[in-house]
2 protein chains.
Amino acid sequence: MSEAIHDVLGVGNAIVDIIAQADDAFLEAHGMAKGGMALIDEARAHALYATMGSAIEASGGSAANTIAGVASFGGRAAFIGKVRDDEFGQIFGHDLTSLGVRFTTPAATNGAATARCLVLVTPDAQRTMNTHLGACVDLTPADIDADLVAASAITYLEGYLFDPPAAKDAFRKAATIARGAGRKVALTLSDSFCVHRYKDEFKQLIAEHIDILFANEAEIEALYGSRDIAAAADDLAGQVSIAAITRSEKGSLLVSGSERVAVPAAPIEELVDTTGAGDLYAAGVLYGLSRQLSLAECGRLGSLAAAEVIQHYGARPLQPLGELA
Amino acid sequence: MSEAIHDVLGVGNAIVDIIAQADDAFLEAHGMAKGGMALIDEARAHALYATMGSAIEASGGSAANTIAGVASFGGRAAFIGKVRDDEFGQIFGHDLTSLGVRFTTPAATNGAATARCLVLVTPDAQRTMNTHLGACVDLTPADIDADLVAASAITYLEGYLFDPPAAKDAFRKAATIARGAGRKVALTLSDSFCVHRYKDEFKQLIAEHIDILFANEAEIEALYGSRDIAAAADDLAGQVSIAAITRSEKGSLLVSGSERVAVPAAPIEELVDTTGAGDLYAAGVLYGLSRQLSLAECGRLGSLAAAEVIQHYGARPLQPLGELA
């Protein structure tokens with residue numbers, strides 16, 4: 001097996017976030033499940049945008065946020081995801097490549113616009129997401145560059161990829177190529193509603209294809225039907241090499257074989273917007289693993305990156321994480 | 001004279017900001033004058049964007065920022081400015097109308113894209129701006145809705161309007177209609193480089209058309225060739241009803257007849273990005289004037305709004321200013 005050219009390759013939905021403040025009454029009036037991610041069609045995206053407050057726009061997408069974080073730590077990163085050749089597509093591409101991320105998936109030249117996620121941030125800093133997948137539905141197995149996957153030490157996949165129909169096949173193709181090339185495959189479960197949608201498929205995937213798993217407590221509960229983190233950790237330890245269970249302000253639990261490492265959350269001055277917290281935690285852990293750091297050190301980098309991103313609006317780090325670390 | 005329907009009508013360049021961090025070396029390498037606003041063509045905008053770091057996008061435009069601030073205070077506000085019917089144009093329109101601002105200038109259906117300003121924020125929180133005027137060059141006197149101007153207590157104009165050729169005529173038309181309807185005309189000098197470009201025209205305008213003037217120390221120096229604020233205040237007092245001279249962290253000086261009111265800057269916790277400081281100061285003062293508040297109280301609202309906007313990225317308030325006040 002040749003040496004990897006990239007530390008981490010992310011495969012995910014390529015999305016631009018449109019972020020506005022909202023109160024709980026707004027979420028209720030629009031039937032939104034607070035803290036979750038709902039899929040919406042174009043008509044609903046337009047209608048919802050028209051009722052939202054003044055917003056800012058920033059590149060997003062779960063795996064893409066993680067990849068931006070890995071690059072910000074100084075890691076060698078790449079990304080596969082589908083945009084349209086429109087203004088939002090240009091923004092998405094710029095924000096990855098400007099960090100040194102290799103991003104060469106061809107933009108769609110027709111069809112739906114680049115995906116957008118309408119993010120409502122409530123005064124408690126919790127984010128509620130409404131995603132119009134747009135051009136993401138055009139991601140197919142043909143977009144999975146086999147050489148790129150084989151040249152990446154870790155291929156990181158987001159569970160959200162199970163939503164656009166053809167992306168599921170792209171997901172499986174990437175995982176199969178990575179394993180076949182002797183590389184590692186990492187997965188984030190993305191969202192408890194997403195886990196509910198694809199529970200059995202995720203269980204099978206984890207058992208058969210995944211080396212490194214990221215999940216939060218709600219996702220663990222959705223997968224196992226219980227919040228018993230210790231029991232879930234024991235079960236996962238038998239299926240994956242490393243599991244990272246995030247617990248918001250309680251920090252995280254890293255699991256590997258019989259090892260259990262509890263990592264505290266990093267201190268923050270002001271909680272502003274939790275969008276991207278899990279994504280950036282994953283960035284820290286994946287970067288640490290690429291540098292053969294201990295589980296405790298990987299967790300520390302994850303906590304540090306998550307703490308940076310929740311202190312401002314937007315799901316990408318504003319400060320170079322390598323300097324913070 | 002019938003009662004005004006709008007407290008403040010802004011006329012200005014309709015711009016979306018693309019905001020990234022940069023160091024002083026980046027500014028030097030690209031020949032940028034720190035703290036200023038340079039006009040760039042489309043080719044330079046593309047080239048510069050390609051070298052900039054990861055960015056966020058947010059609606060901007062000097063007078064538009066002020067109008068957003070007036071609306072955020074609870075004022076009845078309107079705006080005239082030109083966008084293209086593209087994604088950035090939609091963003092710009094949404095971010096004003098979502099605040100309750102009346103914005104009905106028809107978007108251009110062909111020609112250049114919506115204007116964008118590449119904003120580089122250095123570690124000292126200073127912003128350096130590079131504007132591609134795009135669709136703003138299509139603002140003409142035909143876009144000045146005479147009824148709207150006549151129905152607005154104050155028409156607020158930005159000096160930057162002298163850059164797009166036809167906008168200068170739109171500017172004069174708006175000022176003439178407002179004065180003719182017995183309303184007030186306010187002007188911000190916008191930028192010291194802008195003052196240098198149109199010095200004699202600005203001097204004539206102030207003497208003939210302006211009731212309320214906003215300027216910072218650098219603009220005063222560009223206009224008078226001296227930093228003698230007291231002398232400038234005396235001169236301006238003879239030409240306009242109210243002049244507001246901003247002095248960054250030293251606060252501002254409000255001038256009216258023989259009255260001189262020094263207003264301190266509002267305290268802040270962390271200086272992040274000075275973009276929009278002057279625009280939001282003007283918002284506070286104009287809102288205060290619309291409510292017949294004292295000069296000292298107008299200045300306090302200006303300081304408060306400026307303090308909000310310099311503690312985060314982007315030139316629009318993130319918190320409702322009416323609640324802060």
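What to note about this one:
- Debye intensity ratio I(q)/I(0), log10, the range A:249-325, q values 0.23, 0.26 Å⁻¹ (C-alpha model): -1.00, -1.22
- Counting every C-alpha pair in the range A:191-259, the share spaced more than 14 angstrom apart comes to 55%.
- Sorted from closest to farthest, the other copies place their B:E3 label points 7.8 nm away, with each point set 7 Å from Cα along Cα→Cβ.
- The other copies place their B:G36 label points at 5.5 nm from this one, listed shortest first, where each point is 7 Å from Cα along Cα→Cβ.
- Considering all different alpha carbon pairs of the protein assembly as shown, the Kirkwood hydrodynamic radius works out to 25.8 Å.
- In this structure, the pairs whose alpha-carbon distance is over 29 Å, taken from A:K34/A:K184; B:K82/B:K250; A:K173/A:K199; A:K34/A:K168; B:K34/B:K173, are A:K34/A:K184; B:K82/B:K250; B:K34/B:K173.
- Fewest-first ordering of A:V137, B:V285, B:V255 by other beta carbons within 10 Å of each residue's beta carbon gives A:V137, B:V255, B:V285.
- Taking the range B:178-293 and dividing mean pair separation by its residue count, relative contact order in percent (alpha carbons under 8 Å, at least six apart): 18 percent
- Along the range B:254-269 the Karplus relation, 6.51 cos²θ - 1.76 cosθ + 1.60 evaluated at θ = phi - 60°, assigns HN-Hα couplings of 9, 10, 8, x, 8, 7, 9, 10, 8, 10, x, 5, 7, x, 10, 8 Hz to successive residues, with x for each Gly and Pro.
- Gyration tensor (alpha-carbon) shape descriptor, the range B:9-55, a/c threshold 1.5: prolate
- Phi angles of the range A:163-172 translate, via the Karplus equation with coefficients 6.51, -1.76, 1.60 and θ = phi - 60°, into HN-Hα couplings of 6, x, x, 6, 5, 4, 5, 4, 4, 5 Hz per residue; Gly and Pro are given as x.
- Note on the range A:159-226: Cα Rg divided by 2.2 N^0.38 Å, N the number of residues, gives 1.07.
- Length-normalised contact order of chain B in % [C-alpha pairs under 8 Å, at least 6 apart]: 19 percent
- Dimensionless Rg/Rh of the range A:184-298 - Kirkwood Rh, Rg from C-alpha atoms: 0.94
- P(r) for chain A, from all Cα pairs and a bin width of 20 Å, is 36, 61, 4 %, short bins first.
- Value of Rg to Rh for the range A:1-153 (Rh from inverse mean 1/r over Cα pairs, i.e. Kirkwood): 1.02
- Binning the alpha carbon pair distances of the range A:120-161 at 10 angstrom intervals from zero yields the distribution 19, 35, 26, 18, 2, expressed in whole percent.
- Once backbone amide H atoms are built at 1.01 Å from N, A:I15 has A:G60, A:G61 as its partners under 5 Å, excluding neighbours fewer than 5 places away on the same chain.
- Label geometry 7 Å along the beta-carbon vector: A:Q239 inter-copy distances in nm: 7.5
Values in this text are rule-based calculations from the coordinates and carry no lab data. Nothing here was measured: the structure is a model prediction, and the numbers come from that model. Positions of Cβ are backbone-derived with ideal geometry, glycine not excepted, and every protein chain shown enters the neighbour counts.
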